[in-house]
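The structure appears below as structure tokens.
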Amino acid sequence: MTEVNSAELIFICFMLLHGFAAALNCTSPTPESLFGELEKDLFPKKLLRPVNSFSSPLNITISITVVGIIGVEEKSQSLTTLIWQVLEWNIEGLSWDDKECGTSRVSVPREKLWIPDVHIAEFMTEDKSPKTPYVYINNTGHVFDDKPITVISSCILNIYSFPFDIQNCSLTFGSYLHFNTDIRMVQGSSSEEILEESLEVSKTNGEWTLIGVHVNPDAQLVLSEGSYSEIKYYIILRRRPILYVVNLLIPSCFLITVDLFSFMLPPHSVDRSSFKMTLLLGYTVFLLIMNDLLPTTGETTPLINVFFSLSLALMVASLLETVLITYVHFSSSQYKKEKDFSFNNISAIHLQRAPGETPPEKQPVEPALEELRKLSRDLLAIRFQVDKHFQGSTSSQEWQMIGIVIDRLLFSLYLVFIIVSFIIIICIWIRSSYTV
């Protein structure tokens with residue numbers, strides 16, 4: 001065991017003095033000759049970081065391309081994306097002549113080389129991406145490692161402006177083990193180049209669309225043991241709202257509009273209250289059916305939930321207003337019945353003889369005079385009936401006018417409240433849609 005350790009120590013010291021790898025000398029421009037040299041000078045050193053000194057940091061250049069947005073889960077607060085990751089680094093001292101060896105680039109098995117332990121900090125599950133078995137090496141010692149990664153990452157979602165929301169999710173790339181004195185993460189492509197490439201290769205056409213990629217190349221994770229070099233990418237997504245506008249917002253606006261037009265029905269009509277009750281019941285069933293389309297979790301209540309609650313409250317207030325107007329008209333009819341009863345008593349008092357009154361002595365009366373007396377009593381009864389009718393209808397009209405005035409006033413307040421509330425909600429939606 002001691003001899004092995006001593007041999008390894010001598011081997012490491014030799015490389016520190018002469019470089020990690022040397023220039024390869026191919027005997028012929030054939031793959032067998034090149035791989036024979038790699039097998040002799042490079043592959044045995046796969047456990048070592050390809051630098052000349054322990055104190056020399058290795059620069060790892062990273063670039064990504066967002067191939068597609070697979071999905072966003074509001075319940076688990078996660079983002080699923082398919083990205084193409086490219087890592088590049090140099091093997092110090094390695095080189096060969098492309099004419100002598102027959103090629104300027106060659107693919108070698110991944111397990112034959114030292115590979116940086118770059119990981120994504122926001123990963124939530126095990127990486128089940130397909131493994132790429134090969135990496136490229138150039139004749140200058142430049143290593144090119146690209147592979148697809150299906151990333152299920154944590155993302156704090158802000159669903160306040162749903163369905164017009166914009167989400168900003170981060171992907172942090174860094175070494176799992178090596179400090180920044182060993183490995184330094186270097187930005188490859190710029191934000192504009194990443195976005196342009198991502199839009200060109202994007203194959204998904206689902207609920208989300210990619211609108212931007214920002215890069216923070218100077219991020220660092222500082223712990224008590226040391227600091228780690230990191231690169232943080234911010235993936236900015238916009239939700240396509242057409243599904244929710246068609247299935248949620250437009251039907252709600254239609255029902256509110258129908259409720260407004262229901263004020264055109266006569267206030268004293270029973271059909272008006274029945275119509276509003278049916279409309280309210282239908283809107284409640286609509287919300288229950290469409291509940292699955294709404295986000296279920298989040299730090300704040302989505303504005304669309306406030307919109308639906310406000311619409312439901314307005315319909316309830318409209319129904320209560322109709323109940324109040326119906327009560328006012330019912331009170332007017334009750335008042336009319338009481339007036340009818342009082343006038344009937346007065347009529348009976350005037351037309352009937354008082355109790356205990358002795359009938360006058362019968363005297364011979366001329367027939368013409370008797371007819372005039374009967375006519376006078378009939379006219380008196382008609383007069384009482386006409387007075388009763390006009391007094392009763394005047395009171396009833398006064399109650400009806402009161403009901404109409406209250407109905408118009410409440411309708412005006414109802415309309416103003418709807419317009420102001422909807423304008424405020426729409427302004428908040430528009431403002432949130434342009435805020436990341």
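The values are calculated or read from the model by the stated rules, or taken from the named source; none is laboratory data. Worth saying up front: this structure is predicted, and the values here are computed from it rather than measured. Reconstructed Cβ throughout: ideal geometry from the backbone, glycine too, with neighbour counts over all protein chains shown. Calculation scope for accessible area: heavy atoms of the full protein, side chains included, ligands and nucleic acids excluded. Shrake-Rupley method; radii C 1.70, N 1.55, O 1.52, S 1.80 Å.
At a Förster radius of 56 Å, what calculated FRET efficiency corresponds to the Cβ-Cβ distance of VAL405 and SER154, to the nearest 0.05?
Values: r = 59 Å, r/R0 = 1.06.
Computed FRET efficiency for VAL405 and SER154 comes out at 0.40.
On the beta carbon distance between ARG105 and THR278, with R0 = 60 Å, the FRET formula returns roughly 0.20. In terms of its C-alpha gyration tensor, region 129-170 comes out prolate, because a/c is 1.5 or above and the ratio a/b outweighs b/c.
Report the full-extension gain for the segment MET124 to PHE330: residue separation times 0.36 nm, less the Cα-Cα distance, to one decimal in nm.
Working: separation 206, 0.36 × 206 = 74.16 nm, distance 6.59 nm.
Stretched out fully, the MET124 to PHE330 stretch lengthens by 67.6 nm.
Computed 3J(HN,Hα) for region 78-91, one whole-Hz value per residue from the Karplus formula 6.51 cos²θ - 1.76 cosθ + 1.60 where θ = phi - 60°, is 9, 10, 10, 10, 10, 10, 10, 9, 10, 10, 9, 7, 10, 9, glycine and proline marked x. Checking the a/c ratio against 1.5 first, then a/b against b/c, what shape does the Cα gyration tensor give for region 179-256? It comes out prolate by the Cα gyration axes.
Based on the Cβ-Cβ distance of SER56 and ASP292, what FRET efficiency does E = 1/(1 + (r/R0)^6) give at R0 = 45 Å, to the nearest 0.05? Approximately 0.20, to the nearest 0.05. Extension gain, LEU379 to SER309: 0.36 nm times the residue separation minus the Cα-Cα distance gives 18.8 nm.
Within the accessible area of region 28-151, the carbon and sulfur atoms contribute 53%, probe 1.4 Å, all protein chains present. Close amide H pairs (under 5 Å, H built 1.01 Å from N) link TRP208 with ARG240, residues at least 5 positions away or on another chain. Under the simplified labelling scheme, the GLU370-LEU48 pair shows an inter-label distance of 15.0 nm, with each label point 7 Å from Cα along Cα→Cβ. Translational diffusion of region 256-324, estimated by Stokes-Einstein from the Kirkwood radius over alpha carbon pairs at 4 °C in a medium of 1.567 mPa s, is 98 µm² per second. Along region 306-316 the Karplus relation, 6.51 cos²θ - 1.76 cosθ + 1.60 evaluated at θ = phi - 60°, assigns HN-Hα couplings of 5, 4, 5, 5, 5, 4, 5, 5, 5, 5, 5 Hz to successive residues, with x for each Gly and Pro. In this simple spin-label approximation, THR209 and ILE430 carry label points 7 Å from Cα along the Cα→Cβ vector, and these lie 1.9 nm apart. Between GLU196 and VAL86, the modelled label-to-label distance comes to 1.3 nm, taking each label 7 Å out from Cα in the direction of the beta carbon. Each peptide among 233-240, 105-112 gets the average number of other Cβ atoms lying within 10 Å of its residues, and from highest to lowest they stand as 233-240, 105-112.
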